[in-house]
1. P(r) of the range 52-154 in 10 Å steps, Cα pairs, percent per bin?
2. If you add up the charges near residue 79, with Lys and Arg at +1 and Asp and Glu at -1, over every other residue whose beta carbon is less than 13 angstrom from its beta carbon, what do you get?
3. Work out, step by step, the length gained on full extension between residue 103 and residue 132: first 0.36 nm times the residue separation, then minus their alpha carbon distance; give nm to one decimal.
4. Could you list the residues of the range 71-90 with an amide nitrogen less than 20 Å from a label point located 7 Å from the Cα of residue 20 in the Cα-to-C-beta direction?
5. Under a crude label model (7 Å from the Cα following the beta-carbon direction), how far is residue 201 from residue 178 in nanometres?
6. Tell me the net charge near residue 48. Cut-off is 15 Å between Cβ atoms, residue 48 excluded, with +1 for each Lys or Arg and -1 for each Asp or Glu.
7. Hey, with R₀ at 45 Å, roughly what FRET efficiency would residue 73 and residue 165 work out to, going by the Cβ-Cβ distance, to 0.05?
Amino acid sequence: WQGLLLAVSLLTFWNPPTIAQIIIESVPTNAVEGKDVLLLVHNLPENLLGYVWYKGEGIDPNQQIVIYVIENQENFPGPLYSGRETTYNNGSLLFQKVTQDDAGYYTLEAINQNYERALGSIQLRVHKPEAQPSIQVTVTEQKDIVVLTCLTSDTGISIQWFFNNQILGLTERMKLSQDNSTLTIDPIRRNDAGAYQCEVSNTVTSSKSDFLRLDVKYDSTTTPRPTPRPTPTPTPTPTPTPPPTPTPTPGNSAGLSAGVIDSIDQHHHQHQHQHQEILLASQLGSLTASWSESWPG
C-alpha cells in the first residue's frame with residue numbers, strides 16, 4: 001500500500017499518458033436528495049494496485065476524496081471525505097444520502113502495478129424530491145356533490161389520482177380539471193366510498209398524499225329526496241297539526257364523511273396513525289361537521 005501512496009504522489013506531479021478510459025455510470029441515473037447513489041465503474045484495466053477518487057474533472061490532491069488499496073481493501077480518506085462514501089473492490093463509489101452539495105463532476109484514477117493509470121469522469125446530478133401533496137375535501141350546497149382537490153406547492157408536475165391503491169378509473173359521474181388537480185364526483189354514491197390519494201410527479205421523482213377515506217352514508221339511487229311542503233294559506237280554522245318530519249331511509253342523500261388517514265404506507269406496516277375526520281352530514285338540508293383526532297393503527 002505504501003507503493004500505491006507513493007505512486008499517487010508521483011503521478012500528481014508527473015502526467016503520463018493514460019492506458020485506458022474508464023467508464024462510469026450513475027445508479028440511478030438521476031439521484032434524488034436524501035437517497036443513495038452508486039458511481040458504478042466499467043472497463044477497468046488489469047493488475048491494479050488501487051484507486052483514487054477526486055471531486056472535479058481533474059487530478060487535484062486538494063480535491064481528493066479517498067484512496068483505496070485493493071490488496072488489503074483499505075481506505076485512506078482525503079480532504080473531501082465526508083464519511084458517507086464507501087469504496088468497493090471494483091472501484092465503484094457509493095454515496096449515502098446525497099445532498100445538493102454532492103452534485104458535480106467526479107474523477108476516478110486507477111493505478112496498475114507498473115504505475116500506469118487509467119482515468120474516467122462523470123457528472124452527478126442531484127434532484128430535489130417532490131413535496132408531499134395533500135387532499136382538500138369540499139361538499140357543495142346541494143350536499144351530494146364532492147370535490148377533491150390535490151394541493152401541492154410544486155410546479156411543472158403531473159397529477160394522478162388513486163382509489164383503494166389503484167389508479168382511479170373515471171366513471172360518468174366523475175370529472176377532472178384540465179390539470180388533474182381537482183376531482184369532482186356528481187352525484188356521490190355508495191360505490192364511491194373508499195381511500196383516495198393523489199400523486200405528484202416530474203420526470204425524476206414522485207410523491208403521494210396520505211390516504212383520504214371517503215364514507216358515503218346514503219345515496220340518491222333508491223329514493224328521491226323529499227320535496228319541501230308548501231306553506232299552508234292561513235285560514236280562520238284551527239291550524240292543522242304539521243306532519244312528522246320524514247326519516248331518511250337508505251337511498252336518500254343523507255350523509256357523507258371524509259377523513260384523512262396519515263402515515264399509512266403501501267406495504268401495510270403496523271404503525272400508529274393520526275386520523276383527522278371531517279363528518280359532513282346532510283339530513284334534509286342540514287350539514288354538521290365534526291373532527292376526530294385519533295385513528296387506530
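1. With a bin width of 10 Å, the distribution comes to 12, 34, 18, 10, 10, 9, 6, 2, 0.
2. The answer is -1.
3. On the way: separation 29, 0.36 × 29 = 10.44 nm, distance 2.33 nm.
Between residue 103 and residue 132, full extension yields an extra 8.1 nm.
4. Residues 71-74, 87-90 fall inside that zone.
5. So the two model labels end up 2.4 nm from each other.
6. On the way: positive: 117; negative: 46, 71, 74, 109, 116.
With Lys, Arg at +1 and Asp, Glu at -1, the neighbours total -4.
7. That gives a FRET efficiency of 0.55.
A short reminder: the numbers here are calculations on the coordinates, not readings from a lab. Given the structure is predicted, the values throughout are model-derived calculations rather than measurements. Glycine gets a Cβ as well: all are built from the backbone with ideal geometry, and neighbour counts include every protein chain shown.
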